[in-house]
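Only the coordinates and a few stated rules stand behind these numbers; no lab work does. This one's a predicted model, so the numbers in the text were calculated from it and none came from an experiment. Heads up, the Cβs are rebuilt from the backbone with ideal geometry, glycines too, and the neighbour counts pull from every protein chain shown.
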């Protein structure tokens, strides 16, 4: 292949890559939009990021948080459950999921998530909060 053909090929590759959005770019746009309260647009950007990187923990988690802000709780739970399946050791993810389960009146699932929070050895304030919620939920079951 001649030098000229190689240069043309390199130029074309550079031009194509300049137009190709990366998952990280869509993620950052999604976060910026969410922080501006533009939740519908944020969802679209985060979904585009996930189309490019389907196992992205941070995209699933943040999509779930955006859904929660939109009061789309079922979708929020599903996205956060997926994030947890990718990275199960984040205390606050279980914390948020427990709160979502409570909101949807899924008491057994909420208790299970609060117990996971405790197993992950949270700070004292979070531990006390989780214990309080477990007691309250178990009391509700007896009534």
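Observations
- For 86, 31, 80, the sequence from fewest to most other C-beta atoms within 10 Å is 86, 31, 80.
- Region 20-87 gives an Rg/Rh value of 0.95, both radii derived from C-alpha positions and Rh following Kirkwood.
- Among 133, 94, 60, the largest mean-square fluctuation in a Gaussian network model of the chain, built with springs joining Cα atoms closer than 10 Å, belongs to 133.
- In degrees, nearest ten, helix 91-103 long axis to first principal axis of the chain (Cα): 60
- Relative contact order for region 72-118, counting Cα pairs under 8 Å that sit 6 or more residues apart, in percent: 36
- Degrees between helix 39-52 axis and first principal axis of the chain (Cα, 0 to 90, nearest 10): 60
- Inter-label distance, residue 21 to residue 108: 4.1 nm, where each label sits 7 Å from its Cα along the C-beta direction.
- Entry for the chain at q = 0.11, 0.15, 0.22 Å⁻¹: log10 I(q)/I(0) = -0.52, -0.79, -1.22, Debye formula applied to identical alpha-carbon scatterers, no solvent contribution.
- Degrees, to the nearest 10: 23-35 long Cα axis against longest axis of the chain: 50
- Rg in Å to one decimal, and Dmax rounded to a whole Å, for region 88-143 via C-alpha atoms: 10.4, 33
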